[in-house]
Amino acid sequence: MGKKVAIIGAGVSGLAALRSCLEEGLEPTCFERSNYIGGLWKFSDHAEEGRASIYRSVFTNSSKEMMCFPDFPYPDDFPNFMHNSKLQEYITAFAKEKNLLKYIQFKTFVSSVNKCLDFSITGQWEVTTEKDGKRESAVFDAVMICSGHHVYPKLPKESFPGLKHFKGKCFHSRDYKEPGIFQGKRVLVIGLGNSGCDIATELSHTAKQVIISSRSGSWVMSRVWDDGYPWDMVFITRFETFLKNKLPTAISDWWYMKQMNARFKHENYGLMPLNGTVRKEPVFNDLLPACILCGTVSIKPNVKEFTETSAIFEDGTVLEAIDCVIFATGYDYAYPFLDDSIIKSRDNEVTLFKGIFPPFLEKSTLAVIGLVQSLGAAIPTVDLQARWAAQVIKGTCTLPSVKDMMNDIDEKMGEKFKWFGKSETIQTDYIVYMDEIASFIGAKPNIPWLFLTDPKLAVEVFFGPCSPYQFRLVGPGKWPGARNAILTQWDRSLKPMKTRAAGSLQKPYLFLRWLKLLAVPILITAVFLVLI
């Protein structure tokens, strides 16, 4: 074995890091404070300090073909969008298949990670852990932080005057588990994110009244997209990304808003974002529009002030006799075991090269896996991040100079402000980001070469879903089954729905779909040229 690597957390990021270290001949030790793997996706009926927490009814927002480990497809009969228990079953199967469990120390809390005195020479870290009341320290050649960013709830009580006088219940969405106790209650949900909308629509069946308060609105997407296909298999394609980034901004923004409004007009439902062109992460909820139509959920603007029993909104309306306020206001990312200046080295903002490496360290022996967010799924993202990080730690890949890394960070931050808004500093463009990381390790598919050598595969790679298998086609970690997995991905997505014979399975013809869409402007241009 090679260098010793400490991995903090045994969620999907930690498992990806473990596997990548083993692929590169490193010696990993994973520290997990709970007694199970899965991290965010392992349901518990009560929130535990220091770990992510989900409610019982959570389903995935990414479909199975888009959120798998790239060399480990889901079983054919798994549904496209899975309940958390089903995903946990897959995660467990992956860990056993890759023989990862023996490298994990369960019920072990990492209390501190500090540079060794000779860090500038060795790049080593002293990791202090606690287990069963005993404290131990060990020296590692590198550290991979995989503890996620859904651990420390953001509860901005100071932003709501009068809240301290409110006499009803008030808690963060991480403490919500199931709807039964809200029978007949009047509930106000603060926040129009995925959790807030999930909780509100679930409570609409039991609570007396449910109100969602939103400061800035949001796009609401359905898991069911064009012709009934999973949204991400149609929406997240290389061709779509190419158009978005190459078209003039005005046309790109118009096309984006048209797609977001295809299911329903957000203005009519009180959901329209303040800046509709900003690519802030949308909400995925199939029930919210119907709940609004049926009157079981109502949308209100931001709360101006609370009283003992009511909320006064910025439009002057009042919600009386509130029993409970649920803050679905997201999370802060923090690493209490690490000196904060290492991650937030400038103006208290996250300063990481490609969202992974602190640029100012003398040695590139610390990596953060799973911090960035994108419209794509987490599992393939952390798999690629971990592969690159393992190669950097091993020494087969080197990072650019500090100056070049900082220039890249500044450039990317400007792009993020343009596309995602100033509040979304860890948001990124999925395909662009994945291609950047893949380029560092030689795993980015060469599309022009594919069109010359394997046109059938090239059409699916460019016009079809940008599925995880694409990043195991070539380079280190190449998977022999990647080509077949790409060509059969629609079979696996359609099979679990084929529980009643009703004709043959209808796969999408993605190239023809885009050809039809492009035919309209081409025809208009041709007519214009003829007339002049």
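Just a few scattered comments:
- Bridge orientation summary for the chain: considering DSSP beta bridges with both residues in this region, about 45 percent are antiparallel.
- Per-residue ³J(HN,Hα) for the range 124-137, Karplus 6.51 cos²θ - 1.76 cosθ + 1.60, θ = phi - 60°, Hz, x for Gly and Pro: 8, 10, 9, 10, 9, 10, 10, 8, 6, x, 9, 10, 9, 10
- Qualifying GluC sites (Glu not before Pro) for the range 1-102 [loop in DSSP, other Cβ within 10 Å: at most 13]: Glu48, Glu49
- Counted by Cβ distance under 13 Å from Asn35, the other residues give a net charge of +2, where Lys and Arg count +1 and Asp and Glu count -1.
- Residues whose placed amide H lies under 5 Å from that of Ser213, excluding near-sequence neighbours: Val189, Ile190, Gly191, Lys300
- Furthest towards positive pole of dipole, Phe59, Phe160, Ser504, structure part the chain, Cβ charges: Ser504
- At 1.567 mPa s and 4 °C, Stokes diffusion of the range 144-219 via Kirkwood alpha-carbon radius, µm² per second: 92
- Too-long pairs where the Cα-Cα distance tops 27 Å, listed order kept, from Lys64/Lys246; Lys4/Lys102; Lys3/Lys102; Lys157/Lys344: Lys64/Lys246
- Taking all Cα pairs closer than 8 Å and separated by 6 or more residues, the relative contact order of the range 222-302 comes to 29 percent.
- The relative contact order of the range 73-175 comes to 14 percent, based on Cα pairs under 8 Å that sit 6 or more residues apart.
- Area of Ile37 that stays accessible when all protein chains are in place (1.4 Å probe, Å², to 10): 10
- Span-rule helices in the chain, defined as complete DSSP H runs reaching 18 Å or more along the axis (Cα) with Kyte mean at least 1.6: 510-531
- A cut-off under 14 angstrom between Cβ atoms defines the neighbours of Ser504, and their net charge, with Lys, Arg +1 and Asp, Glu -1, is +3.
- Here is the list for the range 250-341: trypsin sites (Lys or Arg not before Pro) lying in DSSP coil, each with at most 13 other C-beta atoms within 10 angstrom of its C-beta, are Lys265.
- Ligands, DNA and RNA left out, the accessible area of the chain computed with a 1.4 Å probe is 55% carbon and sulfur.
- Euclidean distance of C-alpha centroids, the range 214-286 and the range 30-57, integer Å: 31
- For the chain, relative contact order (Cα pairs under 8 Å, six or more residues apart, normalised by length) works out to 19 percent.
- Efficiency of FRET between Lys265 and Thr317 - r from beta-carbon atoms, R0 35 angstrom, step 0.05: 0.95
- The listed residues Thr237, Thr277, once ranked by accessible area (1.4 Å probe) with the largest placed first, stand as Thr277, Thr237.
- Accessible surface, the chain, averaged per residue in Å² (probe 1.4 Å): 45
- Charge tally for Lys107 (other residues, Cβ to Cβ under 10 Å; Lys, Arg +1; Asp, Glu -1): -1.
The values are calculated or read from the model by the stated rules, or taken from the named source; none is laboratory data. Note that the coordinates shown come from a computational prediction; the quantities given were computed from them, not determined experimentally. We place every Cβ from the backbone using ideal geometry, glycine too, and count neighbours over all the protein chains shown. All accessible areas refer to the heavy atoms of the entire protein, side chains included, with ligands and DNA or RNA removed. Shrake-Rupley method; radii C 1.70, N 1.55, O 1.52, S 1.80 Å.
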